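Asks: So that we are looking at the same thing, I have put the structure below in structure tokens.
The values are calculated or read from the model by the stated rules, or taken from the named source; none is laboratory data. Owing to the predicted nature of the structure, the values given are computational and were not obtained by experimental measurement. Every residue, glycine among them, receives a Cβ derived from its backbone with ideal geometry; neighbour counts consider all protein chains shown.
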Amino acid sequence: MTDIDGYSRPATRRTAARLTPGGRGAVATIRVAEGLGPEERGAEFQGIDPLFEAANGVALSQQPLRKIAFGRWGYSHREDLIVCRISADLLEIHCHGGNSAVERILKDLEEATYQVVDWQTQLTLSDDILQAECQETLSRTTTWRTTQIALEQAGGLLRQAFQELVWTTDEATLLSRLDNLIHWSNFGLHLSNPWNVVLTGRPNVGKSSLINALLGYERAIVFDQPGTTRDVVTGETAFEGWPVVLADTAGIRQDAHALESQGIALAQARLRTADLQIVLLDLSQAPTQDDFELLRQWPEALVVGNKADLSMQWDEALPENVLQVSAKRGQGLAELQSEIVRRLVPEVPPTGTAVPLNPRQVAILQQARSAGEMTARRAVLSKLLHGGRDLV
């Protein structure tokens, strides 16, 4: 069975999933979800009691909650590991990080009638959709800075904010709280999805050299022949702790041939969806009509003048506040990175600020804000904690 969110629903709620990435590692973690019905409560994990011999002599199903227990796992191939019952029906197994150990334990659990699934699928079975969403966001953060903010939300901050929305009876207070959350929507969505920055400019202004300099490695091919870059070349990095995808696009000019024109069309499409456009000029050459057309087409773009180490060939036509850099010599790159961050993240939420994390949450908040009556707003907001996947 496949749910609307794209994950396959297992046939049973009794599941086992590897939480840590595959491959070599010091420690791997497997989460076991019992998923028993009300009539079966009290019998959690009894089916796998024979698999674990605890050093403290207590059966696995009787181990105290939130306490680690050391012991040996398995029948013929004994594996030293620790277990922890993190709730009445959730168990974590921490074993050697090698694939063979993990696969052997999962095989034992499968024989004990637990269905082996991936961790995302296991999360979809949770009755706590908000916690599942927080965990999903955490798994996709790529920097310490974004992870810390996501952890704060997962630690109860976002739940408290959503509960306050649902319980608020004063319309003015409700609208104020809605507006505060919606204000941080774009920021929250980027915690797990990098900001996109696209470089554009006419051929040979140094886009490929600049993106390589910003990334710190050679991602784009540098060549002095116009039309070298025909596809969109991307590289991921982080500026001041914020994840960014930089895109190097085909040089834009009026007299491009057919194949080059296809690359230009791709560049234009990428520019339209970017969080920030950078128009790159070559300061060592006199301006052309292509330069002026790009400046006209992208008036909100960050304008950067490259090759500032060479003789200046622009006159009074040079735009105000242009950032002058030299991709070859590294001149002005720190200032450019700071300006990129200022444009992408003009403000950072103070500690303790609730931030929505995914499109479902944002869609519900926006629908509640546009609802005409208080009763309708509260009905929509109840989906924040109890479902509402139809809004994704």
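Asks: Within the stretch 263-272, can one find any residue that is assigned to a loop (DSSP other than H, G, I, E, B) and surrounded by 12 or more Cβ atoms within 10 Å (Cβ to Cβ)?
Replies: Scanning the stretch 263-272 turns up no residue that is assigned to a loop (DSSP other than H, G, I, E, B) and surrounded by 12 or more Cβ atoms within 10 Å (Cβ to Cβ).
Asks: Something else: Determine if the stretch 44-57 includes at least one residue that is of a type in the set (Gly, Ala, Ser), surrounded by fewer than 16 Cβ atoms within 10 Å (Cβ to Cβ), at pLDDT 90 or above and more than 29 Å from the chain's Cα centre (by Cα).
Replies: The answer is yes; a qualifying residue exists.
Asks: Quick test for you: out of 362, 341, 355, pick the one residue that is within 30 Å of residue 307 (Cα to Cα) and touching a residue at least 60 places away in the same chain (Cβ under 8 Å).
Replies: From the options 362, 341, 355, the qualifying one is 341.
Asks: Scan the stretch 108-129 for residues that are part of a helix (DSSP H, G or I), modelled with pLDDT of 90 or more and surrounded by 14 or more Cβ atoms within 10 Å (Cβ to Cβ) and report the count.
Replies: 2
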